[in-house]
Amino acid sequence: MDDLKNKVSDVLNNLNWLLESHNSFVELISIHGNKVIIHCEGHCSECETNCIEVAFRERLPQVELVFQ
């Protein structure tokens with residue numbers, strides 16, 4: 001679990017660097033098995049490019065991403 005949490009944190013840190021330029025951020029709420037629950041705030045929370053989902057799919061394809 002700690003390994004997955006570290007990997008999720010890495011993805012989120014990389015995303016937040018990008019999202020910051022759009023006055024947005026994403027944060028981890030919790031991890032339950034392979035389900036990663038996150039919260040996105042700002043303009044990017046309604047963006048249609050799905051860069052958050054793409055980043056997780058590319059780096060952690062085994063997780064189920066849930067937006068809260």
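Numbers for the structure displayed
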read-out: Relative pair counts by distance (%), Cα atoms of the stretch 2-67, 5 Å bins; value: 4, 18, 33, 27, 13, 4, 0
read-out: Within the chain, GluC sites (Glu not before Pro) in DSSP loop having at most 15 other beta-carbon neighbours inside 10 Å; value: 48
read-out: Rounded tilt (10° steps) of 2-19 against the dominant C-alpha axis of the chain; value: 10 degrees
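Each reported figure results from applying straightforward, stated rules to the coordinates on display, with no laboratory input. Just so it is clear, the model here is predicted, and its values are computed rather than measured. All Cβ positions, even for glycine, are placed from backbone atoms using ideal geometry, and neighbour counts span all protein chains on display.
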